Amino acid sequence: MHLAERHVIVTGAAGGIGSALARRFHADGARVTLADRDAPRSLAEELGQRTLAVAADVSSEAGNAALIAAAASAALRMAPSI
């Protein structure tokens, strides 16, 4: 996959399938917002640039809206310069 122009949100990124997906998307060039109930900062530090760790509870509409807002804000900061 070539994801250099994409921004991906991965929920459940603190472990298991979520962290595996986050690693793969990042390796393929995507900017990745890592979301879990406790912000997965260790994974963000491991992956380095193009990541944002967010504490998010996606069991509610408000939690999802906050996650999307954080990811959108991060996307602007992580976007490559023209």
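Figures for the structure shown
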read-out: Residues located in segment 37-63, provided they are within 16 Å of residue 7 (Cα to Cα) and not hydroxyl-bearing (Ser, Thr, Tyr); value: 44, 47, 48, 49, 50, 52, 53, 54
read-out: Any hit, segment 14-29, residues being in contact with a strand residue (DSSP E or B) (Cβ under 9 Å, 6 or more places away or on another chain), modelled with pLDDT under 95 and hydroxyl-bearing (Ser, Thr, Tyr); value: no
read-out: Contacts under 6 angstrom Cβ, first residue in segment 7-27 being of a type in the set (Phe, Trp, Tyr), partner part of a strand (DSSP E or B), 6 or more apart; value: 25/8; 25/32
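The values are calculated or read from the model by the stated rules, or taken from the named source; none is laboratory data. In this text, all values refer to a predicted model and were calculated from it rather than measured experimentally. Glycine gets a Cβ as well: all are built from the backbone with ideal geometry, and neighbour counts include every protein chain shown.
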